[in-house]
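Engineer: Submitted below is the structure of interest, expressed as structure tokens.
The values are calculated or read from the model by the stated rules, or taken from the named source; none is laboratory data. As the structure is a prediction and not an experimental result, all values here were calculated from the model. Neighbour counts are summed over all protein chains in view; Cβ atoms, including those assigned to glycine, are modelled from backbone coordinates with ideal geometry.
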Amino acid sequence: MKKQTFLTILFALSLLLWLPVQTVSAAPDQIKPEPFTATTGLETFSSYRLNFSGEVEGIKDGRPSAGTLKGFLEVTKNPKAQHLRIETTGDTFSSVAPLGRIEAYDNNGTFYVQNPQTGSWLTIPAFLVNAMLPEGIPSPEESIERPLTAAPQPGTEVVNGLVTRRYTFDSSDLAAEHQAKYDQVEGTIWVAVDGNYVVRYEATVSGQFTDIGTEAEAKSGQFGHLLGGDLALLDEGTVTMRYELSDIDSNFLIELPAGVGGFGLGWF
């Protein structure tokens, strides 16, 4: 497995997360939408864990295509570390994760990526990552986009020990350029009452996705070749995504597994 595959799955994942977080729905005759001010809040936490999953089904290159994705990300800021694990099934993700699984650690800027076939680890020093991707590797939390408006629902709900308020969205809550892309948008997002950040969302988007590859190239600029080519996971169809935060500001450490360390630009 090459480094390009790792960067590709991260980038494709960030694009998928970008779609649903702008979505979800409330009937206009029930509760009036209001300006949505919640943020991800992730940059303010000393640590957190993030679970995400998704299903896609539709048409790609004139053929039926489907797949599932399940991921886990944990982050600490002192010491600075991240741990990412992703598992996929189905043909939709075969171009970005041909082996169906990827696991990686970031230890203060040095990346360790596991070969799922052998269990061995590739070490990528920070200076190489910075040279190839000066703006950093795309990650799920950097892809969260806020809707323009949302409809707050009555009462509160406790999610992972946090008191939250539930909001609903539909395509009318999106910016005009996004409304034209999708046939249907439904979902729900939970926001912490204390802190005004997203704790959980579930959303489904149906429509055209032919511009995903173009947007990926625009974001990656001259480093687009590192992302491995076609990122349009579907031409049209339905994408369902789920996102949930836990262990916010908790006291935990991210430890490298046995066999990680040293320096290597190839599998050993």
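Engineer: When the residues of region 103-127 are narrowed to those that are among the β-branched types (V, I, T), modelled with pLDDT of 85 or more and touching a helix residue (DSSP H, G or I) at 6+ places or on another chain (Cβ under 8 Å), which ends up surrounded by the most Cβ atoms within 10 Å (Cβ to Cβ)?
Structural biologist: Kept after step one, since they are among the β-branched types (V, I, T), are these residues of region 103-127: 110, 113, 118, 123-124.
Narrowing further to those that are modelled with pLDDT of 85 or more: 110, 113, 123.
Add one more test, that the residue is touching a helix residue (DSSP H, G or I) at 6+ places or on another chain (Cβ under 8 Å), and what stays is 110, 113.
Numbers: T110: 18, V113: 24.
Among them, the one singled out is V113.
Engineer: W190 versus (1) modelled with pLDDT of 50 or more; (2) surrounded by fewer than 16 Cβ atoms within 10 Å (Cβ to Cβ); (3) aromatic (F, W, Y): which is the lone unmet condition?
Structural biologist: Checking W190 against (1) modelled with pLDDT of 50 or more; (2) surrounded by fewer than 16 Cβ atoms within 10 Å (Cβ to Cβ); (3) aromatic (F, W, Y), the one that fails is (2).
Engineer: Exactly one condition in (1) under 17 Å from V198 (Cα atoms); (2) under 19 Å from the mean Cα position of the chain (by Cα); (3) exposed (fewer than 15 other Cβ atoms within 10 Å of the Cβ) is not met by S46; state its number.
Structural biologist: Unmet for S46, out of (1) under 17 Å from V198 (Cα atoms); (2) under 19 Å from the mean Cα position of the chain (by Cα); (3) exposed (fewer than 15 other Cβ atoms within 10 Å of the Cβ): (2).
Engineer: Could you please find all residues in region 66-84 being in contact with a strand residue (DSSP E or B) (Cβ under 6 Å, 6 or more places away or on another chain) and farther than 21 Å from V199 by Cβ? Break it down into steps so the answer makes sense when it comes.
Structural biologist: Of all residues in region 66-84, those in contact with a strand residue (DSSP E or B) (Cβ under 6 Å, 6 or more places away or on another chain) come to 66-76, 81-84.
Scanning region 66-84 gives A66, G67, T68, A81.
Engineer: For the list (1) surrounded by fewer than 14 Cβ atoms within 10 Å (Cβ to Cβ); (2) outside any loop (DSSP other than H, G, I, E, B); (3) out of contact with any Gly (no Cβ under 9 Å at 6 or more places or on another chain); (4) β-branched (V, I, T), I need the number of the one condition that T76 fails.
Structural biologist: Only one criterion is unmet by T76, namely (1).
Engineer: Residues of region 64-96 being under 25 Å from E255 (Cβ atoms) and of a type in the set (A, V, I, L, M), which ones? Can you show your working first?
Structural biologist: Let us first name the residues in region 64-96 that are under 25 Å from E255 (Cβ atoms), namely 70-87.
Matches in region 64-96: L73, V75, A81, L84, I86.
Engineer: I've got another one for you. Being in a loop (DSSP other than H, G, I, E, B), modelled with pLDDT of 80 or more and exposed (fewer than 15 other Cβ atoms within 10 Å of the Cβ) is the requirement here; does D183 meet it? Talk me through it step by step, then tell me what you get.
Structural biologist: Values: in a loop (DSSP other than H, G, I, E, B): no; modelled with pLDDT of 80 or more: yes; exposed (fewer than 15 other Cβ atoms within 10 Å of the Cβ): yes.
So D183 does not fit the description; no.
Engineer: If you don't mind, another one. Can you tell me which residue within region 193-238, out of those that are β-branched (V, I, T) and at pLDDT 90 or above, is surrounded by the most Cβ atoms within 10 Å (Cβ to Cβ)? Before the answer, list the steps.
Structural biologist: So in region 193-238, the residues β-branched (V, I, T) come out as 193, 198-199, 204-205, 210, 212, 214, 238.
Next cut, at pLDDT 90 or above only: 193, 198-199, 238.
Values: V193: 13, V198: 24, V199: 26, T238: 18.
Per the stated criteria, the residue is V199.
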